[in-house]
């Protein structure tokens, strides 16, 4: 994370502000009560969608903390508005072990987010059903996109490439 601390703190502040805004939205939703007209329904849907976005942010922070804990090499975006990904993982400089740590960090944070939603979100509200339904879709997407890539790397396959990775297309570094 050399020379990236300013960007790190910018992302930390951005995401803390987002979490605070979503908490305020939940307070508003709870005050409104169950959705009984278009206005309250819209607030519930916005609250549910925003909650799912916070879950996505926690998933990304889990990946980042996994990469960081394994002393992985990664690059934070130049600005907080550049991309939805929190960082780009360096497939050239990192080992398979570092890739596994990065990936497991995201998986672990997702498990914690889902558990927190199931325990903390108030049952019987449209916002909760929207949040849980879309979170289930996000978990399914993780199983479709990230788990096969993870298993492939664990079994000795190539590191994945794409927008979330820094790669020259060459082979990953030896373990």
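Data for the structure
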quantity	calculated
Full-extension gain in nm, residue 37 to residue 18, via 0.36 nm per residue minus C-alpha separation	4.2 nm
Scattering profile of region 20-111 at q = 0.23 Å⁻¹ [log10 I(q)/I(0), Debye over alpha-carbon scatterers]	-1.04
Helix-only CD estimate at 222 nm, as mean residue ellipticity for the chain, using -39500 (n - 2.57) per DSSP H run (n ≥ 4)	-23500 deg cm²/dmol
Alpha carbon convex hull of region 5-166, projected area averaged over orientations, nm²	9.9
On Cα atoms only, tilt of 38-69 relative to the major axis of the chain in degrees	20
Using alpha-carbon coordinates, inclination of helix 5-32 to the longest axis of the chain, degrees	20
For region 75-175, the fraction of alpha-carbon pairs in successive 5 Å shells from zero, as %	2, 11, 18, 19, 17, 14, 9, 6, 3, 1, 0
Helix 126-154 axis, angle to the chain major axis (alpha carbon atoms, nearest 10°)	10
Whole-number percent relative contact order across the chain, with pairs defined as alpha carbons under 8 Å at least 6 apart	28
Förster radius 35 Å - calculated FRET efficiency between residue 129 and residue 68, Cβ distance, rounded to 0.05	0.50
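Laboratory data are not the source of any read-out in this text; all were calculated from the coordinates shown. Computed from a predicted model, the values in this text were never measured in an experiment. Virtual Cβ from ideal backbone geometry, glycine too; neighbours counted across all protein chains shown.
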